[in-house]
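The values are calculated or read from the model by the stated rules, or taken from the named source; none is laboratory data. Nothing here was measured: the structure is a model prediction, and the numbers come from that model. Positions of Cβ are backbone-derived with ideal geometry, glycine not excepted, and every protein chain shown enters the neighbour counts.
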Amino acid sequence: MNWYYESGGQQQGPVTETDLDRLLAEGKISPDTLVWREGMSGWTPLRLARPTAAPASAPAAAPIPPVATGLRLESSAPQAGAVPSATAGSDSPQPGWIRCSFTGRYFPPSEIIYLEGKPYSAAAKPQVVASLQSGAVLPTFDTGREGPAWEQRQALGFMQAIIQTCKAVILSPKTTFATMKREGGIQTPFLFNLILGSAVGIVTQILTSIAQMVAIGSVTSGSAGGGSATPVAAMVGAGIGGMIFGVIFTPIQVAAAAFIGPGITHGCLMLLKSAPRPFETTFRALNYLYGGLAPVQLVFGIVVALVTLVSMSSPVVGGTAMLGIIGIALPFVIWYFYLAMVAISETQEISRGKAAAALLLPVVVCCGLALIIALLIGGIAAMSKR
Amino acid sequence: MRWRHLRPGELNHELIWLLVSIAAAFIAWAWLYFGLRTPICLFHEFTGIACPGCGATRCVRHVFRGDLTYAFLMNPMVFLTGLLLVVYDLYAALILALRLPRLRFDAVPRFLSNTARIAIPLVILLNWAWLIYSKV
């Protein structure tokens, strides 16, 4: 059985199945390479065209070629095994062209249909039809990327999904973001970040405000003369005011930051020509990162509240504690940037170096001191291969 | 560059960024109004020289007071970025209110992307030079 495959925008072949296996083993083609053989209605990724069981031979009827527009694959096949000119699409976006949700390639709008709001090209037809017939979910080129656990919260349960997602982000970020779903809307990761970020932010604000009020109370009651009731009441009021401010404004801050951070990062990726995937991918990755790190932020918030309590009660001890806070904060900041670099690198499928550059660019612009952190992260990026 | 309506499933960027910029402006106003602590510049603390972001908070403060000239002088880059954001928000509000086609770059022209890659770092450097010269 003869196969044809696409390579560098050109049609190659015919080759036998054995040759195809050899090419795959040598890395000259990949499971996503488009292939065709007689009997297939269109070009299909290799991983789907050749399941483990060898397909039955097609009847000896001349195949009907798909409409040949866009990237044209020249055929030098003999008459008997005529290969249709295929609409194989383009890897890079052309003006007005639309990305097929299954093959990931770009096609003219006239060759795209929408199913469940997702665009599909003619090349995806066999798999789409198979999915519809079996009642399965429509295929996407991200099939195999189903994580993290929060995406399956209906099956796992709300709390279990949160716990598993946080553990995955903190303990195994490479695997988590390598298997993260990159499409499917922004609502799911946004909700995850909003819930956890708001909860942690509110708790931290409450703890800090309580610590301030307790510290003020202990200092005032211990001072000579007992202190005036009016300043104490004003301070307590400020503490309660801070608490109320935090409860009301934290969700708004979290929601705004959920978009601003990925927006700036994606802009920097585009500036560095390192954004092969759309904004939605960057958004999903960073929102899962922000939300997944919420437990760590909570611990840090508790530590800050305790230091606030100590520093306001005793300036000498408090000063040392503040230095300790900075000592803890710096490694945390570096660790956060490392995780963000892994998240962007694995989801956008770019090198660690490019991801690090995109993440650090706005920080360097905002504060030149970040050059030191940039060098540290750059060193880590250079040492870790992708 | 084309004017077209949203495709099924496509992100509504106009709505998203209009809401985000309104939320950000509200938070900035509330932060300054309640006199909450604003971050210090570590770069300036250690070196005595302004960093590229110095003056941003004062710029925002002057904008809220209506002192646009002072706001511009505090940090021209932040001021101009805010101005571009206002222009975008007006475009977004108009598009959403009248349900007009959106402006979309399906494939950014190469000259435009190359110009941006040169212009943006240049603007940042010029702005930084101004901040150092004016001792903001």
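Beta carbons closer than 8 Å, at least 6 apart along the sequence or on distinct chains, pair a first residue in region A:164-182 that is over 15 Å from A:LEU286 (Cβ atoms) and touching a residue at least 12 places away in the same chain (Cβ under 8 Å) with a second that is part of a helix (DSSP H, G or I) and among the hydroxyl-bearing types (Ser, Thr, Tyr) for A:ALA168/A:THR175; A:ALA168/A:THR176.
Answer yes if at least one residue in region A:139-150 is modelled with pLDDT of 75 or more and assigned to a helix (DSSP H, G or I), and no otherwise. So that I can check it myself, show each step before the final result.
Filtering region A:139-150 down to residues modelled with pLDDT of 75 or more leaves A:145-150.
Add one more test, that the residue is assigned to a helix (DSSP H, G or I), and what stays is A:149-150.
Taking every residue of region A:139-150 in turn, at least one turns out to be modelled with pLDDT of 75 or more and assigned to a helix (DSSP H, G or I).
Selection of region A:180-196 for residues being under 10 Å from A:ALA258 (Cβ atoms) and in contact with a Pro (Cβ under 8 Å, 6 or more places away or on another chain) yields only A:LEU194.
Against the condition within 14 Å of another protein chain (Cβ to nearest Cβ), free of Cβ contacts under 8 Å to residues at least 24 places away in the same chain and either among the aromatic types (Phe, Trp, Tyr) or more than 23 Å from A:ALA358 (Cβ to Cβ) (or both), how does B:ALA116 come out, does it pass? Criteria not met by B:ALA116. Kindly establish whether A:ARG99 is in contact (Cβ under 8 Å) with a residue 60 or more places away in the chain and within 14 Å of another protein chain (Cβ to nearest Cβ). So A:ARG99 fails the test. Quick check on region B:97-106. Is at least one of its residues aromatic (Phe, Trp, Tyr) and crowded, with 18+ Cβ neighbours inside 10 Å? Looking through region B:97-106, none of the residues is aromatic (Phe, Trp, Tyr) and crowded, with 18+ Cβ neighbours inside 10 Å.
A quick yes/no check of all residues on (1) over 19 Å from the mean Cα position of the chain (by Cα); (2) more than 13 Å from chain B (Cβ to nearest Cβ); (3) at pLDDT below 90:
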residue: A:VAL247; (1), (2), (3): yes, yes, yes
residue: A:ILE252; (1), (2), (3): yes, no, no
residue: A:ALA257; (1), (2), (3): no, no, no
residue: A:PHE283; (1), (2), (3): no, no, no
residue: A:GLY301; (1), (2), (3): yes, yes, yes
residue: A:ALA305; (1), (2), (3): yes, yes, yes
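Scan region A:259-281 for residues that are more than 9 Å from every other protein chain (Cβ to nearest Cβ) and either part of a helix (DSSP H, G or I) or among the basic types (Lys, Arg) (or both) and the total you get is 10. Condition check: surrounded by 14 or more Cβ atoms within 10 Å (Cβ to Cβ), at pLDDT below 70, away from chain B (no Cβ under 14 Å) and over 25 Å from B:CYS41 (Cβ atoms). Does A:SER345 satisfy that? Spelling it out, it is not the case that A:SER345 is surrounded by 14 or more Cβ atoms within 10 Å (Cβ to Cβ), at pLDDT below 70, away from chain B (no Cβ under 14 Å) and over 25 Å from B:CYS41 (Cβ atoms). Residue pairs whose Cβ atoms lie under 8 Å apart, separated by 6 or more positions or on different chains, with the first residue in region B:82-108 and among the charged types (D, E, K, R) and at pLDDT 90 or above and the second exposed (fewer than 12 other Cβ atoms within 10 Å of the Cβ) and in a strand (DSSP E or B), are B:ARG102/B:TRP3.
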